[in-house]
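Participant: Dropping the structure in here first, questions after.
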Amino acid sequence: MALRFSSAVSLKGVAKRFDRIVAVDNIDLEIKTGEIFGLLGPNGSGKSTTLKMLLGLVPLDAGAAEVLGIDVAKDPVGVKRNVGYVPESPRLYEFLTGLEYLDFISDIYGLTAEEKKLRVNEYLKALELEGREGDMISGYSQGMKQKVALISAFLHKPKLLILDEPLNGLDPKSARIVKDLLHELKSQGVTTLMSTHVLAIAEAICDRIAIMYQGRVLALGSMDELRQRASLPSSGLEDIFLKLTGAGDIRAVVDELLR
Amino acid sequence: MNWKNVTHLIRVDIKSGRLIRGSRLARFWENKILTYVFYGGALILGIAVGALAGYFYNTVLAVDPQFQTLFNQGLLSLFLSLPTLVMVYSVVFTMMQQIQRSGVRFSIQAPYWLPITWEEHTLASTLAKLLGFPLISIVFISSAIVVVSFFTGQVVYAAVTILAVLASSFMASAITEIFRVFQIRFIGAVYKSSGRATVWVRFIGSLAFFILFYIVYFTVTSGVGAVAFVQGVASAQSSVWYIPFVWLGMALYSFMNGLPLQALVFSALSLFFAFSLFYTAVLLNKWFGLYEPPAITVSRGIYAPRAGILGRLGFSPAEAALIRKDFRAFTRRRELMYIFVLPIVVILVPLMQSLGSPSGQSAPPFSSLFSVALIFLFPVAILSVYLGLIMIGEEGGAIWRIYSSPISAESLVKSKYFFIVFLSLIVVTLTGIVGVAVFHPSFRATIVAFAESFLLMFALAAISLAIGMLGADFRELPRPRMIRPEWSLLDFVVCLIAAVVILSPFIPYAFSTVGLGPSIDLYQAVVVSVIISAITTFVAYRIAIRNAKGLLAKAEM
């Protein structure tokens, strides 16, 4: 049954604390269906926690989260069934081969034998893992592991992709393939929510971007809207990001280090 | 050779060893007094034992000079056999340390980009292995023989023996270093090219190694084996002088028998052998030291999914996938393979004892019954308890996959429980066959033993799985933890109580067999045991599902 919603993700007043640290502080967020949405922010700004809360991996302290029209707190398994997720550092089962891992994932999501065969072979070929699919994952490079993690998020044709640093360790060709794939999936109505530190990637492929800082959404909008917000009409995302997050005088830091 | 580097590396090795055994990697604090207290204790104990023996020599044995002569001869025999004995014990204990470290995920070797030579690295690794039990025992032995030799007038012999003991322990440690390089590096490289059979070769090879090691270990450490070994060493040393491992003993023998030239030759040969072992280790480290995990190819060709037998048994695709994944984990992960050794060792110990007992001597009936019960019940109980405890924690860092997948708590428990029961069933069958073949129990006893094995297996697996859900430890550095120690302890206590309760209907039967209390039918006891086990299993299984729900709901990573 096809799922249709105007908002793929809806967060209202969501908060999360870890002891005394406020990881996410009362954020509201709406991500439209078919959008590629970028979540940016310095280390420890609450991006990964937000992504995990959307998948029901981290319980909310306050607020409400809905993913594809499903209340995350009430039906986390329902959410997981329709979402493809890649964490920041995906630990795979290293004792399995790439093929066995993807077979495992296919079974977990209940793919038929025909679907498995078709999709697994397609993705292995597209991301140039052919020839190494029978090797144990323990022998893979970081980039190859990332490819396996990405394929495992795409395999069941999810309606929403939650990707934390998805292009980590990928070679330029594979990174390009993934970016094009995300655009293609967008045209098919698939929503992508990604977190990244590579601002050029966010600038190139995201329809809208949210900049998080100290657990809050500091700015949200398209590139043009962010430029207006930062009063930097002709600047790139890096300058906007640094200005909004108050990164200070970078030159002075470099000079200090070189002294 | 930069000795400062060696010292620093030894410190790193010792600390990493403690970290591996300990519970936390970061914020590690060590008490230096506690670190050295064992060596101090060994020294004091050695002095006390030596002084006691000396006192005995000067008082009790002084009544007849012949006694003192006999004592002196015995002491000299001990001196002669000590180098070889210490070498064997040091090899066994340093190997045990090495086996303990085999499941460690990250390398504790110094990074290759640091300005450290392989000689420094190998020397540090070799010396660091001696710290701990081997050195404690050397301190104890040395202090004891020095003190007693003051009374007997053999101080020079004792001093030379200590030098020989130190050299032999160094040789033992160098042997372990060579073994370490072969085990971790060379064998891995060989496996690289063996294709799909790799995992089975590795699995069977590892099991064979562990079993062989434990057979040697039990032979050497069991009381009878050790005495036989000492006697063998003392008498056979001269006849096998061409074996390098006894050259130290031969040097001592020559020295004590006034053969200086022969003593010099054997000392030189021993020194040469020690250096040879060390430089072999250095060479092997140079060749295989920069270890890259081998890319093991398990399958080739186009992907063709199959339905599999688990699907036909009524498992959902997700449950079947989890079971298959766990089966592969237990045959491919070294730290999990170790679990299979446990029941095998439990079988081996009584078997070796029974084989070692004098022929024609029949064991008393109660002892035989106890042996049957031990071989039927103990391995499967241990295995199901241990598997249940670690089945969730063994997921390690990859637990995010379970958390983020649409797997229900019921499916998770069902697949994990089936896996435990399946493996335990194999063990019950094997131990049962061995038990019947060795102890020849009656048909009734066999049926009852099998039935009780199943009952224990079902109940203990469910209890341990329920507790393992709460105590799971997913940390994998520096080694996979799998279960928190306090939960492990709790589980063992709960399982022990449960096992006693399940087997309790047999207590009145056992009394009735020796004429105490009323006569009770064996099968009646089994029926009561079935009821207790069924209730325990059902309750524990429901608790496991409830705990799994909690685990999946609070999947903070």
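The values are calculated or read from the model by the stated rules, or taken from the named source; none is laboratory data. Bear in mind the structure is a predicted one, so any value in this text is a computation, not a measurement. Ideal geometry is used to build each Cβ from the backbone, glycine not excepted, and the neighbour counts take in all protein chains shown.
Participant: Inspect the stretch B:478-501 for any residue being assigned by TED's automatic domain parsing to the domain that holds B:LEU412, farther than 28 Å from B:TYR403 by Cα and in contact with a Gly (Cβ under 7 Å, 6 or more places away or on another chain) and give the result as yes or no.
Facilitator: For the stretch B:478-501, residues assigned by TED's automatic domain parsing to the domain that holds B:LEU412, farther than 28 Å from B:TYR403 by Cα and in contact with a Gly (Cβ under 7 Å, 6 or more places away or on another chain): absent.
Participant: Pull out all pairs, ordered by first then second residue, where Cβ-Cβ is under 8 Å, the residues are six or more apart or on different chains, the first lies in the stretch A:161-186 and is at positive phi, and the second is modelled with pLDDT under 90 and crowded, with 20+ Cβ neighbours inside 10 Å.
Facilitator: Listed by first residue and then by second, the contacts come to A:GLU165/A:THR196.
Participant: Looking at A:LYS116, A:LYS52, which one is more than 17 Å from B:TRP400 (Cα to Cα), surrounded by 21 or more Cβ atoms within 10 Å (Cβ to Cβ) and either at pLDDT 90 or above or not acidic (Asp, Glu) (or both)?
Facilitator: Only one candidate qualifies: A:LYS116.
Participant: Using beta carbons and a limit of 6 Å, which pairs, at least six apart or on different chains, have the first residue in the stretch A:124-137 and at negative phi and within 7 Å of another protein chain (Cβ to nearest Cβ) and the second one surrounded by 19 or more Cβ atoms within 10 Å (Cβ to Cβ) and modelled with pLDDT under 85?
Facilitator: Pairs that qualify, where the first residue is at negative phi and within 7 Å of another protein chain (Cβ to nearest Cβ) and the partner is surrounded by 19 or more Cβ atoms within 10 Å (Cβ to Cβ) and modelled with pLDDT under 85, are A:GLY134/B:THR297; A:GLY134/B:VAL298; A:ASP135/B:THR297; A:MET136/B:ILE296.
Participant: Sort out which residues of the stretch B:514-557 are of a type in the set (Val, Ile, Thr), more than 30 Å from B:LYS416 (Cα to Cα) and surrounded by 14 or more Cβ atoms within 10 Å (Cβ to Cβ), and write them in order of number. First the steps, then the outcome.
Facilitator: Taking the stretch B:514-557 first, the residues of a type in the set (Val, Ile, Thr) are B:514, B:520, B:526-528, B:530-532, B:535-537, B:539, B:543, B:545.
Keeping just the survivors that are more than 30 Å from B:LYS416 (Cα to Cα) gives B:514, B:520.
Hit for the stretch B:514-557 is B:ILE520, nothing else.
Participant: Across the stretch A:222-252, what is the total count of residues that are surrounded by 11 or more Cβ atoms within 10 Å (Cβ to Cβ) and part of a helix (DSSP H, G or I)?
Facilitator: 15
Participant: A follow-up question, please. Suppose the filter is at pLDDT 90 or above and in the same structural domain as B:VAL539 (by TED's automatic domain parsing); does B:ALA462 pass it?
Facilitator: yes
Participant: Quick one: which residue in B:PRO485, B:PRO480, B:PRO508, B:PRO441 is within 14 Å of chain A (Cβ to nearest Cβ) and either on the phi > 0 side of the Ramachandran plot or out of contact with any strand residue (DSSP E or B) (no Cβ under 7 Å at 6 or more places or on another chain) (or both)? Give the derivation first.
Facilitator: Details: B:PRO485 fails: within 14 Å of chain A (Cβ to nearest Cβ); B:PRO508 fails: within 14 Å of chain A (Cβ to nearest Cβ); B:PRO441 fails: within 14 Å of chain A (Cβ to nearest Cβ).
Checking each option against the conditions leaves just B:PRO480.
Participant: Can you find a residue that is part of a helix (DSSP H, G or I), closer than 23 Å to A:ASP25 by Cα and either at pLDDT below 80 or under 18 Å from the mean Cα position of the chain (by Cα) (or both) anywhere in the stretch A:189-197?
Facilitator: Let us first name the residues in the stretch A:189-197 that are part of a helix (DSSP H, G or I), namely none.
No - not one qualifying residue is present in the stretch A:189-197.
Participant: I need the full set of residues from the stretch A:54-75 which are within 12 Å of another protein chain (Cβ to nearest Cβ) and within 18 Å of the chain's Cα centre (by Cα), in order please.
Facilitator: Answer for the stretch A:54-75, where residues must be within 12 Å of another protein chain (Cβ to nearest Cβ) and within 18 Å of the chain's Cα centre (by Cα): A:LEU54, A:LEU55, A:GLY56, A:LEU57, A:VAL58, A:VAL72.
Participant: Which residues, taken from the stretch A:84-101, are at the interface with another protein chain (Cβ under 8 Å from one of its Cβ atoms) and not in a loop (DSSP other than H, G, I, E, B)?
Facilitator: Result: A:TYR85, A:THR97, A:LEU99, A:GLU100.
Participant: OK, next. Mind checking which residues of the stretch B:258-291 are in contact (Cβ under 8 Å) with a residue 40 or more places away in the chain and outside any helix (DSSP H, G or I)?
Facilitator: B:GLY289, B:LEU290, B:TYR291
Participant: Moving on to the next point. Quick one: how many residues across the stretch B:135-148 are of a type in the set (Ser, Thr, Tyr) and at pLDDT below 90?
Facilitator: 1
Participant: Need at least 2 residues that are farther than 27 Å from B:SER371 by Cβ per element, so show me which helices (runs of 4 or more DSSP H) inside the stretch B:443-540 make the cut, counting only ones lying wholly within it. Walk me through how you get there before you give the answer.
Facilitator: Values: elements: B:443-471, B:485-503, B:506-513.
Of the helices (runs of 4 or more DSSP H) lying wholly inside the stretch B:443-540, those with at least 2 residues that are farther than 27 Å from B:SER371 by Cβ span B:443-471, B:485-503.
Participant: Follow-up. Identify all residues within the stretch B:136-171 that are closer than 13 Å to B:LEU252 by Cβ and not in a helix (DSSP H, G or I); write none if there are none.
Facilitator: B:GLN154
Participant: Of everything in the stretch A:22-80, what is part of a strand (DSSP E or B), charged (D, E, K, R) and more than 17 Å from A:ILE209 (Cβ to Cβ)? Give them in sequence order.
Facilitator: Listed by number, the residues that qualify are A:ASP25, A:GLU66, A:ASP71.
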